[in-house]
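The values are calculated or read from the model by the stated rules, or taken from the named source; none is laboratory data. These numbers were taken from a predicted model, which means no experiment stands behind them. Every residue, glycine as well, gets a Cβ built from its backbone with ideal geometry; the counts of neighbours run over all protein chains shown.
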Amino acid sequence: MNNNQKELIKATIPILQSSGEVLTDYFYKRMFKHNPELKSVFNMGNQSNGKQKQALAGAVLAYAEHIDNPSVLINVLKGIGNKHVSLNIQADDYAIVGGHLIASISEVLGEVATPELIYAWTIAYRELAEIMIGIEAELYLNNESITSRWNGWRSFTIKEIVKESDEIKSFYLYPTDGKGIATYTAGQYLSVQVFVEQLGLVQPRQYSLSSSFNPKYYRISVKKETSLGVHPEGMVSNTLHKMKVGDAVNVSAPAGSFSLQNVDVPIVLISGGVGVTPLLSMLETNQKNNQNKTVWIHGCRNESVHAFKEVINSMEEESDWLETFLFNEDSEQDVDANVIKGRVDLHLCKEAILLKNAQYYLCGPAPFIKAHYESLISFNIDKSDIFYEEFGPQSFRLN
């Protein structure tokens, strides 16, 4: 892009700040009207609740704000690239999406969208697409070069289902073809694809791997969402919870950039609700391999939805490297005197978590992550030592 084109892009920043979601809402409606087959690629729950249009609006704005140096967004782009590969997105798909996005800018902005502005955004999108295609090509090539990894979808059979709480079930997925499965780094996820009868569509979802690596199976632990109403949110989790041993699902190879970064330092694992799943994988991996000093902090509503509590208690009793802090909002329902009443409060754990050279991992909903990230910063924890995973479309950037 030349400087004039970059200035045209930056001139649209105020519009994106005030009306970005109007643009992205229009874009998705336009794209699904002309290419309805893409509904099976996108999460229609996030389309319904507005999270996807919010996330895309934020991404477009961030790209415009950093158009002079988009490389500062590379970590975010790598995260998106991992998800795209897990959904088997191909280079040709960028032309379809780009065509609808540029058309949407033109149609929504009206007279403001001069030919020069549209051309500038066309060039900007083309350059971004080239970055993304390059990131994803490397990931696809990596899958082909590593033993037992694969690209695209592969059938896995459910051979065991375990109830972990009133809301969460664990599914043990074995390759239907009996061949080997790919290893993964603790914290990564699988994309799982099922047919949702209510929608008449195949739908993909990402679920964190909730155990350390086992060469025979993958384990995911899924929370059943109950606030369905007339929207498709939670329809995949409900579909999974209705499945039985012997049923099959499609699975892509493990992916994701949220993972243990350094296996030789203490770790502090902070989770809320079903955010426990990737951190449990980290904890089990550390138990098997390193047994570095670990502080486990978890919060949930009450005893009935407290998944993996017995596992964690048993692990702590058997080790001298693990210390736990458990928070329940309705703790009067609990018989465990060690449970702290209320939401997670890192100030109550401050002395325990200020460990030399430690790394900190956060997982849960956006408000949970933001609050505890800010607490860690207030404790003078360096940003480079804090890592987080927000379930669903990423709505913010803290690092």
From Gly256, Gly272, residue being of a type in the set (Gly, Ala, Ser) and in the same structural domain as Thr324 (by TED's automatic domain parsing): Gly272
Yes/no for Gly273 being on the phi > 0 side of the Ramachandran plot and buried (at least 17 other Cβ atoms within 10 Å of the Cβ): yes
Residue identified as closer than 23 Å to Tyr189 by Cβ, at pLDDT 95 or above and in contact with a helix residue (DSSP H, G or I) (Cβ under 7 Å, 6 or more places away or on another chain) among Ile135, Ile123, Ile102: Ile135
Only listed residue being in contact with a Gly (Cβ under 9 Å, 6 or more places away or on another chain) and not in a loop (DSSP other than H, G, I, E, B), chosen from Ser208, Ser170: Ser208
Count of region 286-314 residues which are part of a helix (DSSP H, G or I), surrounded by fewer than 20 Cβ atoms within 10 Å (Cβ to Cβ) and either out of contact with any strand residue (DSSP E or B) (no Cβ under 8 Å at 6 or more places or on another chain) or in contact (Cβ under 8 Å) with a residue 12 or more places away in the chain (or both): 10
Any hit, region 340-363, residues being under 19 Å from Gly187 (Cα atoms), in contact with a helix residue (DSSP H, G or I) (Cβ under 9 Å, 6 or more places away or on another chain), buried (at least 16 other Cβ atoms within 10 Å of the Cβ) and modelled with pLDDT under 95: no
Residue ranges of helices (runs of 4 or more DSSP H) in region 1-89 with at least 2 members surrounded by 19 or more Cβ atoms within 10 Å (Cβ to Cβ) and within 24 Å of the chain's Cα centre (by Cα): 13-34, 44-49, 51-65, 74-86
Among (1) over 22 Å from the mean Cα position of the chain (by Cα); (2) assigned to a loop (DSSP other than H, G, I, E, B); (3) over 24 Å from Val274 (Cα atoms) - the single one Ile123 does not satisfy: (2)
When residues of region 195-219 are limited to those that are basic (Lys, Arg) and surrounded by 18 or more Cβ atoms within 10 Å (Cβ to Cβ), the one modelled with the lowest pLDDT: Arg205
Residue pairs meeting the criteria (Cβ under 6 Å; at least 6 apart or on separate chains; first at pLDDT 75 or above, in region 224-247; second of a type in the set (Asp, Glu) and surrounded by 13 or more Cβ atoms within 10 Å (Cβ to Cβ)): Lys224/Glu167; Gly234/Glu225; Ser237/Glu225
Phe325 buried (at least 20 other Cβ atoms within 10 Å of the Cβ) and in contact with a Gly (Cβ under 6 Å, 6 or more places away or on another chain): no
Residues that are charged (D, E, K, R) and either in a loop (DSSP other than H, G, I, E, B) or surrounded by 17 or more Cβ atoms within 10 Å (Cβ to Cβ) (or both), drawn from region 90-103: Asp93
Val76 being in contact with a strand residue (DSSP E or B) (Cβ under 9 Å, 6 or more places away or on another chain), hydrophobic (A, V, I, L, M, F, W, C) and touching a residue at least 60 places away in the same chain (Cβ under 8 Å): no
